[in-house]
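In what follows, a structure is listed as structure tokens, so that the remarks can point back to it.
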Amino acid sequence: MPILKRIKTNYPGVFFIKGTSPATGKPEKIFYIRYRKAGKMIEEKAGRQFQDDMTPARAAMLRSERVQGKKPSRQEAREQREEALKAEAARWTVDRLWQEYSAQKHDSKGVKVDRGRYEKYLKPGLGNKEPRNIAQLEVDRLRIGLAKTRKPQTVKHVLALLNRIINFGANKGLAPGPSFKIELPLVHNKKTEDLNPEQLAALLEAIEQDPNFQAANLMKMALFTGMRRGELFKLQWQDVDFERGFIHIRTPKGGQDQKIPLNTPARELLNSHPRTGSPYVFPGRGGNQRTDINKQVGRIKEAAGLPKGFRALHGLRHVYASMLASSGQVDIYTLQKLLTHKSAAMTQRYAHLRDEALRRASDLAGDLINQAMHGCTLQVANLKAK
């Protein structure tokens, strides 16, 4: 292709070549500018005569802006865009950390709930921020705003999720955290569910009458062992040590793997529980890990006439703990280990039941001593009468 002739204009560093308009096919001037910057000669297209409404004067003005650095050249603008994209790719924002954090977690119910909280409460205001650039005032505003319409437990869950995302980034060496500690609000709504003897008897009767053996045995295991709902869903046959008499609990809520005793009722239940070929004791569809059983256990709860607020599986964990604590024969440390609580503080909610049992035992001792003393007084009086 022959080199097109450059035609000078009356403006220094501005020339044009004769071309054709892509829109009309008619002749059209195409203007260029030349200038030196940082010792380098630069030549670039200024624009077309009709398509860009370019004139020699406008081209000269554009050249002047380039020389003075008021406006970057197209190459400089392209390089700046590339640098900006690189910088953006290197930024570990809260949103990017969340994507990585959630990808490394199993697609469990907990992650699904966290995803909803993140999308609704954290992403709009903090998603595009790097953790180190989050101001304490922003977190305070988030806390106050949530508290106006949400329960204290929801506020705590949202801030705890933000904390986990930030800590994930810091622990992985991806992004430093803010200069302040995110304080979680105190929530005094720990719910300790219990059943009186009549309610427990009605529940056991409803369990026996229900045709769904998976739901019935799940509820029995929760009552016999105090295991959490998720722990029962994850329980595999290989986790049950019939020989040594232990149940191995994988990744419990406290974090580290635990083992609890396999008591006689639980052993008998598992020995009679049908094996389906799945590695899971209480499998879900296709023999995979179960993710839900609310409908089935809810039907049993309703048949037993239990209170609406009683949670069909987790409530039985509380019943298990309450019965042990109120017996007066189990100390708080032992109860903590049986419940696989990470700290004794979580078990303290049952301390009043044990105290009541001790008080009853003390009163019994007092009554026995009073009876003994009363018996001695009667014997002395009888002797004097003789």
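Determine whether THR192 is in contact with a Lys or Arg (Cβ under 8 Å, 6 or more places away or on another chain), hydroxyl-bearing (Ser, Thr, Tyr), at pLDDT below 95 and within 21 Å of HIS314 (Cα to Cα). Judged against the criteria, THR192 is a match.
Residue-wise test of (1) under 14 Å from ILE165 (Cα atoms); (2) open to solvent by 100 Å² or more (accessible area, probe 1.4 Å); (3) at pLDDT below 90; (4) part of a helix (DSSP H, G or I).
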{"site": "LYS70", "(1), (2), (3), (4)": "no, yes, yes, no"}
{"site": "GLN75", "(1), (2), (3), (4)": "no, no, yes, yes"}
{"site": "ARG78", "(1), (2), (3), (4)": "no, yes, yes, yes"}
{"site": "ASP95", "(1), (2), (3), (4)": "yes, no, no, yes"}
{"site": "SER102", "(1), (2), (3), (4)": "yes, no, yes, yes"}
{"site": "LYS112", "(1), (2), (3), (4)": "no, yes, yes, yes"}
{"site": "GLY116", "(1), (2), (3), (4)": "no, no, no, yes"}
{"site": "LYS120", "(1), (2), (3), (4)": "no, yes, no, yes"}
{"site": "LYS123", "(1), (2), (3), (4)": "yes, no, no, yes"}
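Confirm whether ILE182 is outside any helix (DSSP H, G or I), open to solvent by less than 30 Å² (accessible area, probe 1.4 Å) and in contact (Cβ under 8 Å) with a residue 12 or more places away in the chain. So ILE182 passes the test.
A quick yes/no check of all residues on (1) under 21 Å from GLN199 (Cα atoms); (2) open to solvent by 30 Å² or more (accessible area, probe 1.4 Å); (3) modelled with pLDDT under 80; (4) aromatic (Phe, Trp, Tyr):
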position	(1), (2), (3), (4)
VAL319	yes, no, no, no
MET323	yes, yes, no, no
ALA345	no, yes, yes, no
ARG349	no, yes, yes, no
LEU353	yes, yes, yes, no
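Each residue in segment 300-313 was checked for being surrounded by 15 or more Cβ atoms within 10 Å (Cβ to Cβ) and not β-branched (Val, Ile, Thr), and 8 pass. For segment 279-298, the set of residues classified as buried (at least 16 other Cβ atoms within 10 Å of the Cβ) and not aliphatic (A, V, I, L, M) consists of TYR280, PHE282, PRO283, GLN289, ARG290, GLN296, listed by residue number.
If only residues of segment 223-246 that are crowded, with 18+ Cβ neighbours inside 10 Å and farther than 17 Å from PRO283 by Cβ are counted, the one that is nearest to the chain's Cα centre (by Cα) is ARG228. Counting only residues that are of a type in the set (Lys, Arg), part of a helix (DSSP H, G or I) and under 56 Å from the mean Cα position of the chain (by Cα), segment 43-62 holds 0 of them. The C-beta contact set for segment 255-273 (first residue closer than 19 Å to LYS234 by Cβ, second residue open to solvent by 70 Å² or more (accessible area, probe 1.4 Å) and in a helix (DSSP H, G or I), distance under 8 angstrom, 6+ apart or interchain) comprises ILE260/LYS337; HIS273/PHE213. The residues listed here are GLU183, GLU198, GLU138; of these, the one that is modelled with pLDDT of 90 or more, acidic (Asp, Glu) and touching a Leu at 6+ places or on another chain (Cβ under 9 Å) is GLU138.
Working carefully through the options ALA201, ALA206, ALA216, ALA222, find the one that is over 21 Å from ASN294 (Cβ atoms) and part of a helix (DSSP H, G or I).
On inspection, the qualifying residue turns out to be ALA201.
Looking at segment 279-348, the helices (runs of 4 or more DSSP H) lying wholly inside it that each contain 1 or more residues that are closer than 15 Å to PHE224 by Cα and of a type in the set (S, T, N, Q) sit at 314-327. If the condition is being farther than 15 Å from LEU338 by Cα, touching a helix residue (DSSP H, G or I) at 6+ places or on another chain (Cβ under 8 Å) and either of a type in the set (S, T, N, Q) or part of a strand (DSSP E or B) (or both), then segment 225-250 contributes only VAL240. Look at (1) assigned to a helix (DSSP H, G or I); (2) open to solvent by 20 Å² or more (accessible area, probe 1.4 Å) and you find that THR276 fails only one, number (1).
Within segment 8-42, if we keep just the residues that are of a type in the set (Lys, Arg) and in a strand (DSSP E or B), the residue that is least open to solvent (accessible area, probe 1.4 Å) turns out to be LYS37.
Beta carbons closer than 7 Å, at least 6 apart along the sequence or on distinct chains, never pair a first residue in segment 120-148 that is touching a residue at least 60 places away in the same chain (Cβ under 8 Å) with a second that is open to solvent by 100 Å² or more (accessible area, probe 1.4 Å) and not aromatic (Phe, Trp, Tyr).
The values are calculated or read from the model by the stated rules, or taken from the named source; none is laboratory data. Please read these numbers as outputs of a predicted model, since none were measured by experiment. We place every Cβ from the backbone using ideal geometry, glycine too, and count neighbours over all the protein chains shown. When the accessible area is computed, the model is the full protein with side chains, heavy atoms only, and any ligands, DNA or RNA have been set aside. Shrake-Rupley method; radii C 1.70, N 1.55, O 1.52, S 1.80 Å.
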